[in-house]
Amino acid sequence: PVASMRGCPAYYETSLPGKGCGVLAAREISPGELLLAESPLIVVPWWGRVVPAREKRDFLAREVRGLTKEQRKGFFSLHDSKVGEYEEKTIDGIWRTNNFALGPSGPRTDNGLFLKISRLNHSCVPYAEFVWNEDLRMLEIRAIRVIPEGEEITICYFSLLVAARSQKERRDYLESHYGFPCDCLACNLGGEERRKNNLERSAVGRLQGRIECLLYEFPDTAEEERDIHKDDITNDCSQERGFSDLGTFECDGRGEDIDPEVVDIVTAIKLSYHRLGLMDRLGFKLVSQLRICSSILEICDEWDLQQGGREAATTGLRIAHHLYGTQSKQAKDWKTRLKSVENISAE
């Protein structure tokens, strides 16, 4: 079953100058609202990425031949970024341009193609996000922030790794992989705003390495690198809300001095919160932010610093509501995690 774009009062499909088809909000849309749930038209199992290219093309050709006349028409109406302006579209090119991972990306993740969802255009600061509902076997699109009436409903096409790149690098990536230059809010920044945005995105990527150096044992070379960036770590950490002093940590509500044995762990937690704040401000995918919330809780649990995970649990619950819906099993799991942290804090 596929929700009809034209039949839903929340949005409608239209032609957009320089973009082809797009989807606009027919009214103001609230975060967490389900906009579309669609079953895949074609599914390529995970092994399609490891078999010879010819075998994969033959598989796709058989799948397309098995579609109805109307479905084939819809399939060939989709964009093919792998051919020139006056070249004929190919089945393989349409597939490579429009497929989505059916779940968290991994070596054994299947991919699918969706006629309606493929109409959603990209933004580096998207209004909506897609998640695979394994129980329903459908890809769901939900609003992740308030979408004003008349605004284009966009999703982000790439991973955290690409989102952390500079404006030029992101635009080059989208041009080479999807055949268009991005004109979103972040890609239209100039001057000092662009410089700041690039630096903050780069910091999201750098912080991951610093956090890992603090949490895990590494060879001497890695320890030396950590020492080199010690001042940067302190500066990054001190800017984040609620963690202005690296010498204290409110793990028990009293802000007592940190046990010397867990100084690096506490600093890693503070940096993780700083990284989470940057990602929220820059409009990174919620699924990536949710992973950081989980990581913070796991670290706090392992080192008996549960109070430090309260903000992560609260943020995780809010994100789960927006990403999966208030009645989803993911939201219920995060509600349980928050209660657990609150109960420990009250003891």
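Taking region 289-325 as the range and being at pLDDT below 95 and either within 18 Å of VAL146 (Cα to Cα) or outside any helix (DSSP H, G or I) (or both) as the test, the residues that pass are TRP303, ASP304, LEU305.
The rows are residues; the columns are (1) at pLDDT 95 or above; (2) β-branched (Val, Ile, Thr); (3) over 28 Å from the mean Cα position of the chain (by Cα).
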residue	(1), (2), (3)
GLU63	yes, no, yes
ARG72	yes, no, yes
HIS79	no, no, no
TYR86	no, no, yes
GLY93	yes, no, no
ALA101	yes, no, no
SER105	no, no, no
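Note on region 168-185: among residues that are within 16 Å of THR97 (Cα to Cα) and part of a loop (DSSP other than H, G, I, E, B), the one that is most open to solvent (accessible area, probe 1.4 Å) is PRO181.
State whether one or more residues within region 119-129 are in contact with a His (Cβ under 9 Å, 6 or more places away or on another chain) and part of a loop (DSSP other than H, G, I, E, B). Walk me through it before giving the result.
Taking region 119-129 first, the residues in contact with a His (Cβ under 9 Å, 6 or more places away or on another chain) are 129.
Filter once more, keeping what is part of a loop (DSSP other than H, G, I, E, B): none.
No: region 119-129 contains no residue that is in contact with a His (Cβ under 9 Å, 6 or more places away or on another chain) and part of a loop (DSSP other than H, G, I, E, B).
Here's the yes/no breakdown for (1) at pLDDT 95 or above; (2) of a type in the set (Gly, Ala, Ser); (3) open to solvent by 100 Å² or more (accessible area, probe 1.4 Å); (4) in contact with a Leu (Cβ under 8 Å, 6 or more places away or on another chain):
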position: ASN197; (1), (2), (3), (4): yes, no, no, yes
position: GLU200; (1), (2), (3), (4): yes, no, no, yes
position: GLY205; (1), (2), (3), (4): yes, yes, no, yes
position: PHE218; (1), (2), (3), (4): no, no, no, no
position: GLU225; (1), (2), (3), (4): no, no, no, no
position: HIS229; (1), (2), (3), (4): no, no, no, no
position: ASP232; (1), (2), (3), (4): no, no, no, no
position: ASP236; (1), (2), (3), (4): no, no, no, yes
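The values are calculated or read from the model by the stated rules, or taken from the named source; none is laboratory data. None of the values given here were measured: they were computed from a predicted structure. Positions of Cβ are generated from backbone atoms using ideal geometry, with glycine treated the same way; all protein chains shown enter the neighbour counts. The protein model used for the area step is the full one, side chains on, heavy atoms only, and it has no ligands, DNA or RNA in it. Shrake-Rupley method; radii C 1.70, N 1.55, O 1.52, S 1.80 Å.
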